[in-house]
Amino acid sequence: MRASLASSIAVTCAAVLALPVSLTAPAAASTPSAAASALPPAPELPGSTQSLPLQPLGAATRSLGGGATDSGEQGLTRRDVRPFSLVGVVWDDPTAPLHGTVQVRTRATGGGTWSEWQDVETHNEEHGADPGSAEGRAGALRGSTAPLWVGDSDGVEIRVRGEETLPSGLRLELVDPGEGPAGDQDQERTAEREAPAPHSRTAAMPVAPAALSAPEAAASAVNAQLAPYGATWIPALSKEETELTVRNMHLQDAGRTAPVQAAPPAAAAGQAAPAAPAAAAAKPYIGPQPKIITRKGWGADESIREKGFVYTKTIKAAFVHHSATGNNYTCSKAPSVLRSIYRYHVLSSGWRDIGYNFAVDKCGNIYEGRAGGVAKPVLGAHTLGFNTNSMGIAVLGTFTKSNPPAAVVTAVARLTAWKLGLHGVNPKGSSYLVSGGGNLYKKGTTVRFNSIAGHRDGFATECPGARLYGKLGTARTSSAKYQGRP
């Protein structure tokens, strides 16, 4: 866990939009029992992260696939570790790229079966806060690969080969997501069972728990116009119900016309925060509100993120990503994948919160991402250089060679129809954003984007994968139809 969490960052919103413990793994043991006895006790936390420094690999490991390069080869030989489900590699300098390959293989928990070597995506620098922002200057930031979901494992082996000099301070991060709400029940199966009947939403929605911690209360309070405190999901509404809800939100916030600061560190439930755009009340084009699983619903540990919320002025465009964590997960495990990414972004990479504003699993379930309110313009850390006035949607999986399921495209269309509609944006239109700096556009450059864009449109990257990127045209058309546009 980071040594300290920075205080909240006050960001003024426009008036109209007031809307690790370091653990060195033991050397490979001769017997499983010997290895197990050498493992340190697991901390009593909702999830944990093991951080293992990488070591130079000698001649004994070169037979695994070629000799060490001139730039060196680092890694770890096979070893027993505490249970984990997601892996990644971090290093000291967040601006230093890792030019080379990272490969891991893992052993399934209790089974003794080792996986084949799997590639870890090394080009992760295109994600994160804009260079000139407060989060982008944070001292806790580290360079990092994309995380890779490997499932329940208790053994690991890794090799890192550099095409150039490897960055210093390379460490393997092994993330255990911990248990989630109700054991991470399959969200696809529970969605229909929990869905409230029309016009009886309040009675059918979850009852708030008796007590919430201050961070939990703050994360829940910013969604209070859409769900009660402690709710694990925000209900889907019809288009008519959505329009009525937006009008009611406008009326509730009519007196809040002065610029609003981000919530202070000790934010309490019910404290004022930027509301949904007042202009949306007069807009006829808005899609029906989709069901959204809240941070409480996927089991976010609110104590690890930075306190308070940071907002941008509006939402002009949505950037679609893939998480590059692989497709080897079931939808019942999607909350675990999300908790792992969250821990990796915050505790391993040094971000203030998870980078994405929303996530979508391969069954089409939609999840709240970065805290601050799903209807509000929360500043994310998803598209380096273009986080201001945009939102980021991460589809859990890797879609470079795999086609995204139809449910994914539908979920992206429904989510953008609603969220872009709140800000009067046509999903089939385009918007202008100003670059905060990146490898495609210099800082200060004004760039025209599709309202629903791919990550690669703003940064030289494969994200969101060629197969998912090819479906964005379909998502734009569907999203506009959900808004009721001709």
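No value in this document is a laboratory result; all are computed from the given coordinates. What you see is a predicted model; the values in this text were computed from it and never measured. Don't worry about glycine lacking a Cβ; one is built from the backbone with ideal geometry, like all the others, and counts go over all protein chains shown.
Would you mind ranking Ser332, Ser431, Ser303 so that the residue whose beta carbon has the fewest other beta carbons within 10 Å leads the list?
By the 10 Å Cβ count, ascending: Ser303, Ser332, Ser431.
What is the sum of charges around Val89, taking Lys and Arg as +1, Asp and Glu as -1, for the other residues whose C-beta is under 9 Å from the C-beta of Val89?
0
Which value in nm describes the separation of the simple spin-label points at Asp92 and Ala108, placed 7 Å from the Cα toward the beta carbon?
Between Asp92 and Ala108, the label points sit 4.0 nm apart.
Checking the table Lys239/Lys481; Lys291/Lys419; Lys316/Lys443; Lys307/Lys442; Lys291/Lys333; Lys291/Lys376 against a 21 Å threshold on Cα-Cα, which pairs fail?
Lys307/Lys442
Treat each spin label as a single point 7 Å out from the Cα along the C-beta direction, and report the Asn426 to Gln252 distance in nm.
3.1 nm
Calculate one ³J(HN,Hα) per residue across region 79-93 by plugging θ = phi - 60° into the Karplus curve 6.51 cos²θ - 1.76 cosθ + 1.60, and present them in order as whole Hz with x for glycine and proline.
In residue order, the calculated couplings are 7, 7, 9, 5, x, 8, 9, 9, 10, x, 10, 10, 8, 5, 8 Hz.
With a Förster radius of 56 Å, plug the Cβ-Cβ distance of Glu164 and Leu244 into 1/(1 + (r/R0)^6) and report the FRET value to the nearest 0.05.
0.45
Under 11 Å from the Cβ of Ser431, count the other residues' Cβ atoms, weight Lys and Arg +1, Asp and Glu -1, and hand me the total.
Charge balance near Ser431 sits at +2.
Round to a whole angstrom and tell me the spacing of the C-alpha centers of region 410-486 and region 335-381.
Result: 18 Å between the Cα centres.
Where does the charge balance sit around Asn389 when Lys and Arg score +1, Asp and Glu -1, over other residues with C-beta under 12 Å from its C-beta? Could you put the intermediate results ahead of the total?
Numbers: positive: Lys313, Lys316; negative: Asp130.
In short, +1.
For Ser48, Ser479, Ser133, what ranking results if the residue with the fewest other Cβ atoms within 10 Å of its Cβ goes first?
Ranking Ser48, Ser479, Ser133 by Cβ neighbours within 10 Å, fewest first, gives Ser133, Ser48, Ser479.
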